[in-house]
Amino acid sequence: MSEQNVKKHSFQAEVAQLLHLVTHSLYSNPEIFLRELISNASDACDKLRFEGINHAEYYENDPNLHIRVILDQDNKTLTISDNGIGLSQQEAIDNLGTIAKSGTKDFMSKLTGDQKSDAQLIGQFGVGFYSGFIVADKITVESRRAGLDASEGVRWISGGTGEFEVEQISKASRGTDIILHLRDDALDYLDAYKVKQIINKYSDHISLPIEMQKEIWQEEDAAEGEEPKAGQYVKTDEWEAINSASALWTRSKSEITDEQYIEFYKNLTHDFDAPLAWAHNRVEGSTEYTQLLYIPSKAPGNIFTREAKAGIKLYVKRVFIMDDADSLIPNYLRFVQGVVDSADLPLNVSRELLQESRDVKTIREGNARRVLNLLDGLAKSEAVQEQDKYKAFYAEFGAVLKEGLGEDFGNRERILKLLRFASSVNDDVSTSLADYKARIKEGQKAIYYVTADSLSAAKNSPQLELFKKKGIEVLLMSERVDEWAMEFVTEFDGLPMQNVAKGAVDLGDLQDAEEKKALEAAAEQFKPVVDKLADSLKGKTKEVRVTTRLVDSPACLVTGDGELSPQLIRMLKQAGQPVPESKPILEINPEHPLVKKLDGAAHFDDLANVIFDQALIAEGGLPEDPASYLKRINSLLLKS
Ligand code: ADP
Ligand code: MG
């Protein structure tokens, strides 16, 4: 090959940074390079199968896809060879010189610059192709893309520093050879026994055969009558598969160990932590498919952003079709990871087609049901370990699950049962609606809850005062999604759900006749004050009325039935959404000294506005005009 043909390129800056890290960090788990490179070879074969649907000629005369691992003791190289899709020269430059993979990008963004903690991180993420440099001081890639002429092969060489070289070569066989020139301290990867063990550990589930050269034990010829001499293993021309070579999800459950399920998950997701739980089923019926669904133990950082993607890979009859097939799982279960293999969908299915397909709808519903059942099983389990898993799940994903109340009407009951809340009698987020129902007071006819911007705001909300006094439990909700999600829930198990800040307080039988009479009397007595307040606060409130719901606070704001609460309005405004005009109701506490003082007060207008603004502050809002609020307070302070 003439020198002119060799072109030098520089790595993208991030790649150089990553490479530096790979080679300079003490790697805690060097053997994962094999998993990464085998996984790439397997991806390449998947791609060939996919493109081969429309281009049968890509198979040339070599239809049996496989991955081979070749150990060369003389040259100290370990080669991973596949007959998959291969790389064109440009693809080699692009794909091996830049970081495209989102997982690796994610990894890069977490780097701190601190060698020790970064080294730990690198062990947690798969860093893909570049992991080869953990054990090699030089990597040669020789490849030819399916469909290209034998003369249009490419050789890519790098020592894992700033640069790589590329030249055109001729390569008879389609696919890619990754040739690792092993470092002196990594020569144990030339040991066939060790390599087989690693492949079995990480890559057994790969659906293609991973082959190594068969070795036979050869004894040295001994002359007749002599003792046989020591022998050695000799490589033969025969190849043998060292993995089971069937996609994990196609095997029956009883043949798969927990370790294998976990290893498959880690490969699938690049997640370092084991999943919390999984469900694996072959579903038969109007549409046939296999589902292998995992619940991760940690939420990705972007779970609440638009970027969050469903982690379901779609296969059709074992052929990989697409990543992140979001039509296969409802949005509120987007944390679920796994594989769906359909027997019915066409191989050339597109994302658009998926959205309209009836089969896909059936699969999506089946997946949702299975995940909810899996969660229900954990939640209901008597085993402490399972309960802990449910707690861990809920802490990570509870808020996402709640979105289902608004999204999946068919499963609303199921979802409601899975929810856990903090309450006025128990701070832990552990009270289910069934627990609450079991504890209600005699005569109580509703499940009461309050929503606020934080747990402490919910806990100290003035709306709760009467409930506390009467010893009635109130659920405390403080997640952003609560206010919206609860709009969709009117009852649980025959009991209406009642937001304590909405509508007039009606405790039914929990309030005795005397209390009701007292309220009526107070309403009568305070009518002139109420009218005057309504006048002073005309632009701010819809109505002013006397309440029994308060004990310690002078006033509170409530929302009319069927209207948006102040929190929801704040949330919508923050999100830049149009908000319908709606004013709260001001309720005053006739027992409070400040309210009693109102009648005939000299600075009625200032007092009225201060009371209103304080009610707003108490439920987490801000006065519309904080400066004039302060001015009023100060002038009242001076006058007192
Ligand atoms: P990922 O596999 O997540 O895309 P990698 O760093 O492992 O990231 O690989 C980078 C890219 O290099 C792959 O996306 C692919 O385009 C290319 N590549 C790596 N190995 C092979 C291979 N054996 N055959 C074809 N392309 C490959
Ligand atoms: Mg990879």
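Taking θ as phi - 60°, what are the ³J(HN,Hα) couplings along the range 56-65 by the Karplus curve (6.51, -1.76, 1.60), each to the nearest whole Hz, with x for Gly and Pro?
Running phi through 6.51 cos²θ - 1.76 cosθ + 1.60 with θ = phi - 60° gives 4, 5, 4, 6, 6, 10, 9, x, 8, 6 Hz.
What FRET efficiency comes out for the pair D137/Q90, r = Cβ-Cβ distance, R0 = 35 Å, nearest 0.05?
E(calc), rounded to 0.05, equals 0.85.
What percent does the relative contact order of the range 248-387 come to when contacts are Cα pairs within less than 8 Å and at least six residues apart?
Rounded, it is 21 percent for the range 248-387.
Which parts of the range 391-422 would a label at A383 reach, counting a residue when its backbone N lies under 17 Å from a point 7 Å out along Cα-to-Cβ?
Inside the label zone: 391-393.
Per 5 Å bin, what percent of the C-alpha pairs of the range 507-595 does each bin hold, from zero upward?
3, 13, 19, 20, 18, 12, 8, 5, 2, 0
Past 28 Å, Cα to Cα: identify those pairs from K194/K391; K417/K441; K201/K298; K441/K542, in the order given.
K194/K391; K441/K542
Per DSSP helix of 4 or more residues, -39500 (n - 2.57); summed, then divided by the residues of the chain. What does that give at 222 nm, rounded to the nearest 500?
-11000 deg cm²/dmol
Taking all pairs of different Cα atoms in the range 259-323, averaging 1/r and flipping that mean, what Kirkwood radius in angstroms comes out?
Hydrodynamic radius (Kirkwood, Cα only) of the range 259-323 equals 13.4 Å.
I'd like the distance between the alpha-carbon centres of the range 396-431 and the range 545-561, rounded to an integer number of Å.
One Cα centre to the other: 28 Å.
At a threshold of 8 angstrom on Cα-Cα distance, excluding pairs fewer than six apart, so keeping six or more, what relative contact order does the chain reach in percent?
For the chain, the relative contact order is 8 percent.
DSSP beta bridges in the chain, what fraction antiparallel, as a percent rounded to 5?
80 percent
Under 5 Å between amide hydrogens, which residues at least 5 positions from Y448 or on another chain qualify, with H placed 1.01 Å from N in the peptide plane?
Amide H neighbours of Y448, under 5 Å, 5+ apart: L475, Q498.
Using the beta-carbon distance between A575 and E524 and R0 = 35 Å, what value does 1/(1 + (r/R0)^6) give for FRET efficiency, to the nearest 0.05?
Plugging the Cβ-Cβ distance into 1/(1 + (r/R0)^6) gives 0.20.
Under a 1.4 Å probe, what is the accessible area of the chain per residue, stated in Å²?
49 Å²
Using a ≥ b ≥ c from the Cα gyration tensor of the range 440-562 (square roots of the eigenvalues), is it rounded, prolate or oblate, where a/c under 1.5 gives rounded and otherwise the larger of a/b and b/c decides, a/b for prolate?
oblate
Give me a comma-separated list of calculated 3J(HN,Hα) values for the range 497-503, in order, Karplus coefficients 6.51, -1.76, 1.60 applied at θ = phi - 60°, integers in Hz, x for any Gly or Pro.
Going residue by residue, I get 8, 10, 6, 5, 9, 10, x Hz, with x marking Gly and Pro.
Determine the relative contact order of the range 512-639: mean sequence separation of Cα pairs under 8 Å and six or more apart, normalised by residue count, in whole percent.
Answer for the range 512-639 is 26 percent.
If I model a spin label as a point 7 Å beyond the Cα along the Cα-Cβ vector, how far apart are those points for K631 and R318 in nm?
Placing both labels 7 Å beyond Cα along the Cβ direction yields 8.0 nm.
On alpha-carbon atoms, Rg over Rh for the chain using Kirkwood Rh?
Radius of gyration relative to Kirkwood radius: 1.14.
Using amide H atoms built in the peptide plane, which far-off residues or other-chain residues are under 5 Å from R183 H to H?
A136, D137
If ligands, DNA and RNA are left out, what is the accessible area of M571 with a 1.4 Å probe, given in Å² to the nearest 10?
50 Å²
Which is the longest stretch in the chain that no exposed loop site breaks, taking sites as GluC sites (Glu not before Pro) with a DSSP loop state and at most 10 other Cβ atoms within 10 Å?
Here the longest run is 1-219.
Could you tell me which trypsin sites (Lys or Arg not before Pro) in the range 265-309 are loop residues by DSSP with no more than 10 other beta carbons within 10 angstrom of their beta carbon?
Here the trypsin sites (Lys or Arg not before Pro) that fit, given the DSSP loop and packing criteria, are R306.
Does the range 339-394 come out rounded, prolate or oblate by the C-alpha gyration tensor, with a ≥ b ≥ c the root eigenvalues, rounded set by a/c under 1.5 and, if not, prolate when a/b is larger than b/c and oblate if not?
The shape class here is prolate.
The values are calculated or read from the model by the stated rules, or taken from the named source; none is laboratory data. Keep in mind that what you see is a predicted model, and the values were worked out from it rather than measured. Note: ideal-geometry Cβ built from the backbone for every residue, glycine included; neighbour counts use all protein chains shown. Please note that ligands, DNA and RNA were not included when accessible areas were found on the heavy atoms of the full protein model with its side chains. Shrake-Rupley method; radii C 1.70, N 1.55, O 1.52, S 1.80 Å.
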